[in-house]
Every structure is written in structure tokens, then in C-alpha cells.
1. Any idea which of (1) farther than 19 Å from Leu259 by Cα; (2) out of contact with any His (no Cβ under 6 Å at 6 or more places or on another chain); (3) not small (Gly, Ala, Ser) is the one Ile187 doesn't satisfy?
2. Restricting attention to region 394-452, which residues are surrounded by fewer than 22 Cβ atoms within 10 Å (Cβ to Cβ), small (Gly, Ala, Ser) and more than 10 Å from the ligand (Cβ to nearest atom)?
3. For the structure I just gave you, tell me whether Gly332 is within 16 Å of the ligand (Cβ to nearest atom), in the same structural domain as Ser98 (by TED's automatic domain parsing) and within 23 Å of Ser122 (Cα to Cα).
4. With respect to Ala435, determine if the residue is of a type in the set (Gly, Ala, Ser) and farther than 22 Å from Ile263 by Cα.
5. Within region 32-75, take every residue that is crowded, with 16+ Cβ neighbours inside 10 Å and in a loop (DSSP other than H, G, I, E, B) and give me the one that is nearest to the chain's Cα centre (by Cα).
6. Would you check which residues across region 121-131 are of a type outside the set (D, E, K, R) and either in contact with a Pro (Cβ under 7 Å, 6 or more places away or on another chain) or surrounded by fewer than 20 Cβ atoms within 10 Å (Cβ to Cβ) (or both) and list them?
7. Among (1) more than 15 Å from the ligand (Cβ to nearest atom); (2) in contact (Cβ under 8 Å) with a residue 24 or more places away in the chain; (3) out of contact with any strand residue (DSSP E or B) (no Cβ under 6 Å at 6 or more places or on another chain), where does Arg380 come up short?
8. Under 6 Å between Cβ atoms, which residue pairs at least 6 apart in sequence (or on different chains) link something in region 400-411 that is over 11 Å from Gly338 (Cα atoms) with a partner that is modelled with pLDDT under 95 and within 6 Å of the ligand (Cβ to nearest atom)?
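The values are calculated or read from the model by the stated rules, or taken from the named source; none is laboratory data. If you're wondering where the values come from, they're calculated on a predicted model, not measured in any experiment. Cβ placement follows ideal geometry from the backbone for every residue including glycine, while neighbour counts extend to all protein chains displayed.
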Amino acid sequence: MILPYQTRTITGKNLVTTRLGTWIILTNEELSQLCTNTLEDPLRERLTLTDIIITEENRDRVLSNFRRLNANLGAAPSLHIICVTDRCNHNCTYCHASSPEATGVDMSIATANKVLDVIFSSPAKHLTIEFQGGETMINWMVVTHIVTQARRREATSGKHISLVIVSNLSLIDNAKLEFLSIHQVAITTSLDGPASVHDANRPFLGGGRSTHKSVMRGIELIQNHYKKQGKPAPLSALCTTTRASLAHGPAIVDEYARLGFEIIHLRPVNPVGIAKKRWDLVGYTADEFIAFWKTAMDHILKLNRSGIRIIERQAFMMLQKILAFRDPMYLGLMNPSGAGRCVLTYNYDGKVYASDEARMIGEDIFCLGSVDLGYEKLARDPIVAGLVQASILDNTCGSCPYIPWCGIDPVLTYAAYGSIIPQIPLHRMHQIHQAQFDYLIEQILTHPDPFSAFYLWLPNLDMTLTRARLGDRILALDMR
Ligand code: SF4
């Protein structure tokens, strides 16, 4: 049986995908054979090997690949984001946070204990607890309380806990680092690029010192600490792209490479909360972001060819889906949305939201209630079902071949357009995702070296399958 399929022409070749995530590249003549059901070998054989045609022999493999590609569908909330304070000593152009002197915006120990009760009631075996703010280290007492209690509960619950703290690193010192190291807490910081870009995006509240210098001090402290222990530092960084970043893609990538980061996530700023209010200052069109992202990607692939290992996280997650049937469990690429299904976010005041974005939009439309309700009631809130229904791409994306790999966050859709149902041709994230998928497929098809680079990004690829998908193109590569 031939699976229902959709097509897109890229650089003169035809990408054919099925809703199950299987795909192949066909010439016009081959596509014509498929469309008119006049298949002959070896094309029929290629279509069977790539699971476009289902037989008794490949049926189980197709189902197991589909399950792996969509692992999030059977998952319980495993990512738990805790906003321990809304206070911050930075005044970033795209972020709303309260001043360090604000009162009533820190999580209390009593609320933290209720948050832990909810988290440990999730049926997920592997739980990730991520501390967010404001600047998390301003409420260090609650961070340490949650970390020690989570490790204690881990020992008796049979669950596996990963802990991550997101921080601007301005307040990190040896004592805090020692605590994080002992309790195996990974650290994520914000780094928007070299000093000129980072300082423009992320000034200290009240101006003055360079936040770039401050984050460099923190990164160095962490890297030296783990170097002394002979371990790789569990440190990563997040990059937010604002209008001030657009002209500096390669320089931003170089800054990450210089500091030894092997992953950079070039995220667009979303018109949410304060960024929406300051859109004239921080915002840009989808086309402007796409041009920035492609320039940065070209630079990354150039660095890869010169032996420098650095990958772009959005591209990496898309490639995991395209090339390896792997679900990166990333909220921004889930179909339907994982907000409230895979992620829960706890505000400092005990309110629980469907995602971190839901907390930040400035209204409580996606608030599931208070921690006092307990896990069962929160997880079954009808808001979660509404978010799922609104974000099923099969309902909104027609015959787009990227449906098996794509995702549109309904919370961000609501924040930007006032409705949770995406109007696809005009939707900003659709335009960005489509251009990113096009770029990746185009690179695989036209550039031998980038394909080699992607192959290095995913070293355990099934090359027989990859050869069958690409047909004569990869055979031409073999002959180089
Ligand atoms: S959002 Fe756009 S790129 Fe993604 S599946 Fe829908 S139409 Fe395709």
C-alpha cells in the first residue's frame, strides 16, 4: 500500500513525505510514476525501503519509527519549570522582570514544598526541574531548598531527576558553584553574542558595568571549577536574537565557538509580554530572522568544515526528526502542542501555567490553577485539551510536507495574534519553520560538505536508509 503523501519542490527535486515521517527525494519522472501508480523497479524497491510503500515486512518498523518520532504523545509532564523569583538585576530589552528591591515576588519555602509535591506526582519516570526567574540566584535560599529536597525525594521515589538552573551568572561565586556541583545541577546562562550585541540586549538595571564582562567572569569561574575536577562543565548558553543581533550572525557564532560551546540555539525573539510592547526596538520580520539564521548556519557549516565542532540547536532538533526518527521533546516543535502535557511551569506565587511562555504573556488565560489543586486536577485542566486541539497541524497546514516534523506553539500564537488557532500563510513561526526546513533539505541535496557536517551531527545514522532516500545524489557523492 502506498501511504498518503505530500510533496514540495526544492532545487529542482521533489521531496515526498508521509504523515508517518517517512520521506524520499524523487526526480520529476519518478514522481510521475508515483502519482500515476505506474511504478517499476528499482523505484518501487526504493519506495519500499524508505517506507513510502507499506508491506507486511516493513509494517512493524514503520510503526516503531513513528512511535519514536512522536514519543511526546505518550509522555506525562517531565519538564517542570520553577520561577523562584521575578526579581532581576538586569534590564534586558526583551524581558519583563521586577527590580531587585521589589517585594512579594519571591517563592516561599511553603510554596516550594507544594511545587515539589506536584512535580513528584507526575507519572513521568524522568523529571527535569529547571529554575527560571527573574534572576534565580537572588532567591538562592529557595533554590537550595528545592535542590536538596528533590535529591532526597529522588532517592525514595524511583524517579530520575535532572536539575538545571538558568542564571545571568552575575551573582555566582565559589560557594554557590560548589553547591551546584555537589548536587549535579547543570547551568544555563544567557549569552547573546560578543560584548557589543550582548550589552545592547542585556544592560544592567541602572546602566553602568558591562553584563558581557559579568557573564564572562561567571563562565570562566564555572569552566575552571570543572577543569580542576577533570570534568566537562555542565554549562550551556541561550542566545536571543533581537534587532540588534541581526547584522552579527557569524560574530555571534564565533563568540560561542571561542568560549568552547558546542551548541548554539539561535532563537527568534517572540512578540510576547514586554518584547511585544517594545517590538519597534527589539522586533523584526520573519524574513529578517530567516536571513540572519541562514547566514549564521552557513558560517557554522564553514566552521565545521575547518574542524570546529559547533551545532545549531534548532537545526539539530529538526534533523533528528528528519534523518533519525527521533523526538527531541522540544515544545517549539511538537504537534500537537506539549504545553501542559509535557511541561508545567510554577510561578513564584504558586500559580501553575501550561508553559513558561504561558506565564510570560501578561495574562492568566493559560493558568491551570494553583499548586494547592494537586497534580491530577492541574494535569486534567480543560485548557490543556484546548491547546492540544488548537495545535494539531493536520487541521491547519493543508498539504505541507513538513507536518510530521513541525510544531506551532498555540500560546505564542495567542500572544502574537489573539487566537490560539494559527492562520498559517501569515503566521510568523510557520514562515520561519518552513524556511528552516527548506534550508536543511536544500543543504542535504545540493552541498556534499554540509551533508557530511550533518552526518557528523548525527553519527549513528542508518546510511542504507539515507542512501535510498536520496537515490542517485548520494551515489554521486560516493564517487567523489
Ligand atoms: S507550520 Fe508551516 S511549515 Fe509547519 S507544517 Fe504548518 S505549513 Fe508546514
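1. The number of the failed condition is (1).
2. Those that are surrounded by fewer than 22 Cβ atoms within 10 Å (Cβ to Cβ), small (Gly, Ala, Ser) and more than 10 Å from the ligand (Cβ to nearest atom): Ala416, Gly418, Ser419, Ser452.
3. Working: within 16 Å of the ligand (Cβ to nearest atom): yes; in the same structural domain as Ser98 (by TED's automatic domain parsing): yes; within 23 Å of Ser122 (Cα to Cα): yes.
For Gly332, the condition - within 16 Å of the ligand (Cβ to nearest atom), in the same structural domain as Ser98 (by TED's automatic domain parsing) and within 23 Å of Ser122 (Cα to Cα) - is met.
4. Numbers: of a type in the set (Gly, Ala, Ser): yes; farther than 22 Å from Ile263 by Cα: no.
Against the criterion (of a type in the set (Gly, Ala, Ser) and farther than 22 Å from Ile263 by Cα), Ala435 does not qualify.
5. Ranking the candidates gives Asn70 first.
6. Looking only at region 121-131, we keep the residues that are of a type outside the set (D, E, K, R), and these are 121-124, 126-129, 131.
Answer for region 121-131, where residues must be of a type outside the set (D, E, K, R) and either in contact with a Pro (Cβ under 7 Å, 6 or more places away or on another chain) or surrounded by fewer than 20 Cβ atoms within 10 Å (Cβ to Cβ) (or both): Ser121, Ser122, Pro123, Ala124, His126, Thr128.
7. Single failed check for Arg380: (2).
8. none
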